[in-house]
Amino acid sequence: MTLNGSEILVKVLLEEGVDTVFGYPGGCVLNIYDELYKSSDKIRHIMTAHEQGAAHAADGYARATGRTGVCIATSGPGATNLVTGLATAYMDSVPMVAITGNVPNSLIGRDSFQEVYITGITMPITKHNFFVNDVNQLADTLRRAFEIAHTGRFGPVHVDITKDVTAALCEYTPPTAEKKAQKPVEYDNLEEIAEVINSAERPFVYCGGGIRLSGAEEEVQRLIAKADIPASYTLMAAGVLGYGDRNNLGLLGMHGMYSGNKAIFNSDVMIALGTRFSDRVALNGKNFCKNSKIIHIDIAKSEIGKNVPCEYSVNGDIKDVLTKLLPLIKEQKREKWHADIDEWKKHDHVPVDVPEDSHELKPHQIIRETCKMAGEDAIYVTDVGQHQMWAAQYISHVKPNSFLTSGGLGTMGYGYGAAIGATIATEGTRPVIHFTGDGSFHMNLNEACTAVSYNVPVITVIMNNQVLGMVHQWQQFFYGRRFSSSEPERATNYKAVAEGFGAKGYHCETLAEYKAALAEALKANGPVWIECLIDRFENVYPMIPGGKTVEDTIINNPEEAGK
Amino acid sequence: MNEKHYLILLVENNAGVLTRISSLFCQRGFNIDTLTVASTDNPNISRITVSCFGDETVYEQIMSQTEKLIETKQVISIEPEHAVLRELLLVKVETDSDNVDEVVRTAAHHHFRIVDSHKGYMVLETSGSPEKIERMLALLKPFKIVEMCRTGATALEKGKVNYDLDN
């Protein structure tokens with residue numbers, strides 16, 4: 001059957017099972033939007049306030065469901081506005097397909113209106129990208145884009161399509177080739193690795209986001225239970241370990257638990273699963289666990305030995321590798337190792353609760369109350385900064401794929417778009433809580449209009465400490481309290497702004513007020529903002545300064561910094 | 001140890017593939033010493049020979065990062081002693097009535113080909129391993145080199161073929 005490029009594009013989206021796309025129309029995608037209009041009964045298009053919001057929404061959709069998220073933007077500025085969203089998704093291995101229009105073939109390369117060489121820009125921040133200027137290539141290129149985004153190590157793929165292609169006619173052939181079955185993989189060193197783990201005295205499991213992407217939570221928990229191995233998780237792996245499990249030592253790294261960081265540092269065997277030894281965990285790559293035999297299991301060969309050398313490595317899907325490794329692992333108990341860790345746990349930072357009516361509102365209490373009230377099914381989305389670390393530290397329970405955060409790129413302004421995408425993806429069946437700070441939220445709070453337009457019940461909890469908290473904390477610790485451009489003295493009235501957008505707003509100064517506001521917000525069927533006033537010297541503890549090791553941990557006193 | 005390494009990349013012969021490879025090297029801070037690229041007997045495949053400096057860890061990273069690219073079909077690490085490495089050198093020297101005979105004699109003696117002689121300039125050509133090219137260049141030191149170019153190494157492994165593009 002002969003179809004035009006836009007019809008083919010929609011056909012392929014349907015072939016791939018896409019039900020929702022996020023985007024923003026414009027000149028070079030008019031043909032595509034015309035076809036989306038005609039197909040609106042099959043594909044829902046969510047128009048955001050800004051293309052960056054669309055990219056983050058597609059990312060949130062993907063992280064919450066595991067399916068590939070799709071966003072669409074026009075040429076030039078539309079396309080460049082996707083860049084931060086693509087880079088965010090790339091750093092965190094999120095499956096996404098971004099489609100941009102470009103100027104007609106005859107105008108390419110002539111600095112035409114709204115023309116930009118976008119594939120040149122997205123090359124280093126996507127898993128792959130394509131430029132399509134021939135309609136005959138369109139269907140297969142789009143199919144390939146979806147395949148690349150969602151195989152191996154996931155990632156965003158960008159497809160740039162010229163305007164003529166979206167109008168040109170060609171014969172559309174439905175996909176014929178059956179997807180190639182994955183060949184079973186053999187690993188030749190599993191027995192050796194099992195022996196190393198079985199004979200270890202102080203083993204430790206370092207859990208990364210790859211566990212989530214592989215769906216290997218159960219296998220990891222079985223490994224930890226069977227061999228009685230303590231474990232910690234990175235920001236990207238929040239939710240993969242059982243809460244309340246003795247072996248779950250909590251968050252790892254710069255703002256991780258002292259006991260967990262101490263345990264990994266003192267381990268004799270460290271099993272790194274689906275992680276890339278980022279500088280937020282291996283703060284000092286040269287000294288990171290240098291006395292430990294490192295076993296690194298990862299789907300990306302390029303991650304093996306990239307930041308920290310390892311003794312043993314397996315290049316493969318974690319679920320598959322662990323399924324084969326588990327029968328070789330000896331069941332045992334490690335009381336002596338636990339006794340050491342229990343000693344370190346005594347030094348862990350313990351935040352102090354304040355009474356519910358105190359005007360000194362504490363982040364950890366806000367987060368714990370939220371978890372209690374929102375229930376086990378909630379999805380948590382964060383922006384970037386102190387509130388993000390508090391959320392990772394104090395969320396008391398979270399399901400896999402339900403803690404959405406920009407870990408690698410650290411994108412302030414990620415949260416609102418992602419939360420909208422996650423809520424739409426789950427059809428409002430699960431409470432979605434968006435924790436943000438006053439700094440991050442100001443970057444993209446304009447997406448409130450999207451949440452209102454589509455009646456998206458996202459609850460935004462703004463931890464307002466009046467400063468750029470993380471910058472402020474570093475300036476306090478390491479820059480002699482010279483708070484350069486981190487105390488903007490903004491006068492934003494969040495309740496009024498929320499209402500101005502057509503959303504609901506609350507202002508809270510005590511925990512009691514917060515609980516009352518949250519209770520109402522959880523019943524609302526549209527977006528709600530809850531502003532919580534926080535002290536500007538509320539810091540994230542503990543903290544290992546960049547480039548240092550666990551021995552340099554600042555537990556709860558800024559005076560310890562720089563020692 | 002900062003050693004010179006050679007690798008061969010078999011990549012899809014698409015527009016932009018070279019940009020992708022060189023962008024990756026730049027992004028990851030790998031230093032390319034030389035790079036040659038051309039299509040092969042299979043029109044869908046381009047063959048790139050890269051020489052670069054780095055220690056073993058850096059080299060392994062270069063290999064695995066390049067393998068990660070979607071358009072990369074295969075990355076082959078080659079040992080110079082198990083390969084035929086060749087590059088082409090073109091040198092333009094200034095000549096005058098005093099030295100023209102000497103230039104011609106040197107060229108003949110060391111098997112340079114004189115590929116052009118034009119109003120006081122002579123272009124000499126030779127090919128060989130990168131080490132030979134260095135030696136040949138040194139022989140021309142007595143003359144005034146006004147322009148030169150070399151292609152960088154291109155290479156084939158000795159003996160059997162160690163790749164399978166159908167895989």
> Can you name every residue in the stretch B:43-65 that is within 22 Å of B:T151 (Cα to Cα) and among the polar types (S, T, N, Q)?
Replying inline: B:S46, B:T49, B:S51
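Okay, residues lined up against (1) surrounded by fewer than 19 Cβ atoms within 10 Å (Cβ to Cβ); (2) among the basic types (K, R):
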| residue | (1), (2) |
| --- | --- |
| A:V456 | no, no |
| A:T460 | no, no |
| A:R490 | yes, yes |
| A:V497 | yes, no |
| A:F501 | no, no |
| A:I534 | no, no |
> Do you know which of the residues in the stretch A:513-560 that are in contact with a His (Cβ under 7 Å, 6 or more places away or on another chain) and part of a strand (DSSP E or B) is modelled with the lowest pLDDT?
Replying inline: A:M543
> For the stretch A:362-480, list the helices (runs of 4 or more DSSP H) that sit wholly inside it and hold at least 2 residues that are within 22 Å of A:E509 (Cα to Cα); which are they?
Replying inline: A:363-374, A:386-394, A:438-444, A:469-478
> Can you name the condition, by its number, that A:E343 falls short on among (1) assigned to a loop (DSSP other than H, G, I, E, B); (2) loosely packed, with under 14 Cβ neighbours inside 10 Å?
Replying inline: (1)
> In this structure, is A:T88 within 14 Å of another protein chain (Cβ to nearest Cβ) and buried (at least 24 other Cβ atoms within 10 Å of the Cβ)?
Replying inline: no
>> Among the residues that make up the stretch A:285-292, is at least one of them within 22 Å of A:R222 (Cβ to Cβ), in contact (Cβ under 8 Å) with a residue 12 or more places away in the chain and crowded, with 21+ Cβ neighbours inside 10 Å?
In response: no
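Matching residues to (1) within 14 Å of chain A (Cβ to nearest Cβ); (2) of a type outside the set (S, T, N, Q):
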position	(1), (2)
B:A15	yes, yes
B:R20	yes, yes
B:L24	yes, yes
B:Q27	yes, no
B:I32	no, yes
B:T40	no, no
B:R47	no, yes
B:S64	yes, no
B:E67	yes, yes
>> Let me confirm something: among B:T106, B:T36, which residue is more than 14 Å from chain A (Cβ to nearest Cβ), touching a Leu at 6+ places or on another chain (Cβ under 7 Å) and of a type in the set (S, T, N, Q)?
In response: B:T106
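Listed here are the residues, each with its yes/no results for (1) in the same structural domain as A:C508 (by TED's automatic domain parsing); (2) under 25 Å from A:I229 (Cβ atoms); (3) without any contact (Cβ under 8 Å) to a residue 60 or more places away in the chain; (4) surrounded by 15 or more Cβ atoms within 10 Å (Cβ to Cβ).
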| residue | (1), (2), (3), (4) |
| --- | --- |
| A:I318 | no, yes, no, yes |
| A:P327 | no, yes, yes, no |
| A:Q332 | no, yes, no, no |
| A:E369 | yes, no, no, yes |
| A:A374 | yes, no, no, yes |
| A:D377 | yes, no, yes, no |
| A:V381 | yes, no, no, yes |
> Could you count how many residues in the stretch A:390-414 are without any contact (Cβ under 8 Å) to a residue 60 or more places away in the chain and either under 10 Å from the mean Cα position of the chain (by Cα) or closer than 23 Å to A:N525 by Cβ (or both)?
Replying inline: 1
> So, in the stretch A:325-338, of the ones that are of a type in the set (K, R) and assigned to a loop (DSSP other than H, G, I, E, B), which residue ends up farthest from the other protein chains (Cβ to nearest Cβ)?
Replying inline: A:K333
>> For the stretch B:135-143, check the following and say yes or no: at least one residue is within 22 Å of B:H5 (Cβ to Cβ) and basic (K, R).
In response: yes
>> It is to be established whether one or more residues within the stretch A:109-125 are among the hydrophobic types (A, V, I, L, M, F, W, C), on the phi < 0 side of the Ramachandran plot, surrounded by fewer than 21 Cβ atoms within 10 Å (Cβ to Cβ) and at the interface with another protein chain (Cβ under 10 Å from one of its Cβ atoms).
In response: yes
> Can you list the helices (runs of 4 or more DSSP H) found entirely within the stretch A:173-251 that contain at least 2 residues being modelled with pLDDT of 95 or more, closer than 20 Å to A:W390 by Cα and in contact with a Gly (Cβ under 7 Å, 6 or more places away or on another chain)?
Replying inline: none
>> Being surrounded by fewer than 18 Cβ atoms within 10 Å (Cβ to Cβ) and free of Cβ contacts under 8 Å to residues at least 12 places away in the same chain narrows it down to one residue among B:S77, B:S129, B:S97; which is it?
In response: B:S97
>> Looking only at residues that are away from chain B (no Cβ under 13 Å) and under 27 Å from the mean Cα position of the chain (by Cα) in the stretch A:126-145, which one is nearest to A:S6 (Cα to Cα)?
In response: A:L142
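The values are calculated or read from the model by the stated rules, or taken from the named source; none is laboratory data. In this text the structure is predicted, and so the values were computed from the model without any measurement. Cβ atoms come from the backbone with ideal geometry, glycine included; neighbour counts cover every protein chain shown.
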